[in-house]
1. Based on the alpha-carbon set only, what is the convex hull volume of segment 192-318 divided per residue, in Å³?
2. Quick one: putting +1 on the C-beta of Lys and Arg, -1 on the C-beta of Asp and Glu, what dipole do you get for segment 182-266 around its Cα centre, in Debye to the nearest 20?
3. Determine the dipole magnitude for segment 166-318: charges of +1 sit on the beta-carbon of Lys and Arg, -1 on that of Asp and Glu, nothing else is charged, the reference point is the Cα centre, and the result goes in debye to the nearest 20.
4. Using a probe of 1.4 angstrom, how much of the accessible area of segment 137-272 is carbon and sulfur, in percent?
5. In debye, nearest 20: dipole of the chain around its Cα centre with unit charges on the Cβ of K, R (+) and D, E (-)?
6. For the chain, take the longest principal axis of its alpha carbons; what is the angle in degrees between that and the long axis of helix 168-181, to the nearest 10 within 0 to 90?
7. Go ahead and set up a Gaussian network model of the chain, Cα springs under 10 Å, then flag whichever of P292, P169, P274 fluctuates most.
8. Loop-only check: which chymotrypsin sites (Phe, Trp or Tyr not before Pro) in segment 61-140 are DSSP coil with at most 11 other Cβ within 10 angstrom?
Amino acid sequence: MKLLTSLCRPLWPCVVLALLAFAPAASAKALKVGFAQTGAESGWRTANTDSMKSEAVARGIDLKFADAQGKPENQIRAVRSFIAQGVDAIIIAPIVTTGWEPVLREAKQAKIPVIVMDRAVQVSDESLYACFIGSDFAEEGRMAADWLAKYTGGKGRILELQGTTGSDPANERRRAFAEGIAKYPDLKVIDSQSGDFQRQQGKEVMEALLKKHGRDFDIVYSHNDDMALGAIQAIEAAGLKPGKDVIIVSIDAIKEGVTAVADGKINCVVECNPLFGPKAYDAVAKIVAGQPVPRKQYNKDGLFDATNAAAALPTRQY
Ligand code: AHR
């Protein structure tokens, strides 16, 4: 044994060097990223959070996650705390479009890049954030309007369930849908109320609308699937058949929404893909490495109705 130890002694430095050379990149510093999420208002949001968290784990990113519970002031507080923690980058899914300038200036001053994800912000200086990655909400509203106009022959009284007041998707889905149906004088929004993108609120708002309008409407246009699914409960409780007595058009295409289309309870859902994890962290890695990234990146979304919903279900990822 003594002989063996003395024979091997000169080789130890080489063994240590070889081990270091083949050691995984564990010694490379993990990126520290702060993510200020809106909350957990919908199935879409849950899928978005899962994508951000699982992709962070897969890439060895040290993710600081903050759930703002639907309150803009919580979200701004979370961003301030990320700045104080000295993260490498901050990702925000803004609840509302306004009120961001001061905290974005603070991040810029601290030289922490900010990626705006999912929903846009309104700022006077675009250099306050590094890039935007999201969906084209106006295009989604247009797609819903075009599908509806074709399906109804340009006729019908619409009840609209809006998303969170002041949010980018609620603003754009409302505006673009209104523009899309404007060329059909017999296709009209007769009432429009916010259900805050939540299922329970969608149900309650629909109950109130049924009380107010009775049977004097033909269509529900919902800014997301969760509110549409809540509205379906209210419509069925009122003795009506969703998808037949009431035409329902919605946005998101979460699995439950596409299932409702396959079951004939929703007539059409426009897709809004929530799986931003890979794109968001690709952008973070490039920005931190000083490489250029596109200023704005939009997902390309599809549409599901009776012609393709059932076939799409087995491969839906969210
Ligand atoms: O910003 C995307 C929207 O937010 C989704 O359509 C909605 O379901 C979510 O809460």
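The values are calculated or read from the model by the stated rules, or taken from the named source; none is laboratory data. Computed from a predicted structure; not experimentally measured. Here the Cβ positions follow ideal geometry from the backbone for every residue, glycine too, while neighbour counts run over all protein chains shown. The area values use the complete protein model at the heavy-atom level, side chains included, leaving out ligands, DNA and RNA. Shrake-Rupley method; radii C 1.70, N 1.55, O 1.52, S 1.80 Å.
1. It is 118 Å³ per residue.
2. 180 debye
3. Numbers: 20 positive and 21 negative charges, 73 e Å.
About 360 debye.
4. On the way: 2530 of 5270 Å².
Ligands and nucleic acids excluded, carbon and sulfur reach 48 percent.
5. Working: 39 positive and 38 negative charges, 209 e Å.
Here the size comes out at about 1000 debye.
6. 40 degrees
7. Highest fluctuation of the listed residues: P292.
8. Values: sites: F65, F82, W100, Y129, F132, F137; in loops: W100, Y129.
The qualifying sites: there are none.
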